[in-house]
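Worksheet: the structure to be examined is printed underneath.
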Amino acid sequence: MKNLNRRDLCVALSAFAAMGSVSASAQAQAQAMPGEKVLSTPGAFPFDSLTPKKTENGVTRPVIQGVLPTGEAVELHETTLLPGHMPHPAHKHRHSEFMMIREGTIEFDNDGKKERVGPGGVIFAASGIMHGIKNVGDAPANYFVIAIGRESPMTPVEGTAR
């Protein structure tokens with residue numbers, strides 16, 4: 001080690017940095033569960049190409065689901081929620097969600113505190129916190145959900161009515 005000059009030190013540090021980069025990449029890939037798609041190809045998702053799935057509360061359109069090369073599990077869908085309806089009772093789960101309201105008025109139940117959010121507004125439902133939404137407007141509400149993290153079973157609030 002006494003004879004290590006600056007050039008040798010730079011080469012060694014570069015090698016360590018490259019090894020760290022490969023290791024981080026391998027770790028991110030390793031976080032994909034069996035059957036999960038690694039989302040590494042850019043793409044566009046025109047509304048016409050999204051397959052609608054009717055529910056008793058409206059319509060949902062899955063957009064994309066998988067794991068980013070950096071390791072985060074993500075899922076994106078758009079929902080049209082009928083007036084007076086909830087997609088499901090209040091619940092909590094391990095993953096976090098962002099909901100971006102495109103049309104309508106949504107009431108966000110944030111662990112018992114209710115807030116109204118309209119077009120252009122964003123709702124954040126944090127991991128492990130009880131939350132729910134309801135369309136409190138007179139027309140269908142449209143919103144996008146971006147879920148970050150893996151699925152876990154929802155825990156409904158007992159006796160929650162729709």
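The values are calculated or read from the model by the stated rules, or taken from the named source; none is laboratory data. Note that the structure is predicted; figures quoted are calculated from it, not measured. We place every Cβ from the backbone using ideal geometry, glycine too, and count neighbours over all the protein chains shown. Remember, those area values only see protein heavy atoms, side chains included, never the ligands or the DNA or RNA. Shrake-Rupley method; radii C 1.70, N 1.55, O 1.52, S 1.80 Å.
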Subject >> Stretch gain in nm, segment PHE98-VAL38, where the contour uses 0.36 nm per residue and the Cα spacing is subtracted >> reply: 19.5 nm
Subject >> Peptides 110-117, 42-49 ordered by average Cβ neighbours within 10 Å, highest first >> reply: 110-117, 42-49
Subject >> Solvent-accessible area per residue, Å², over segment 79-140 with all protein chains present [probe radius 1.4 Å] >> reply: 49
Subject >> Paramagnetic reach from LEU50 (point 7 Å along Cα→Cβ, amide N under 12 Å) across segment 123-147 >> reply: 142-146
Original post:
Once label points are set 7 Å from the Cα along Cα→Cβ at both LEU68 and GLU115, what is their separation, rounded to one decimal in nm?
Top reply: 2.2
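Are any of the pairs LYS53/LYS113; LYS53/LYS92; LYS53/LYS134 more than 27 Å apart by Cα-Cα distance, and if so, which? Could you put the intermediate results ahead of the total?
On the way: LYS53/LYS113 30 Å; LYS53/LYS92 23 Å; LYS53/LYS134 19 Å.
Violating the 27 Å Cα-Cα cut-off are LYS53/LYS113.
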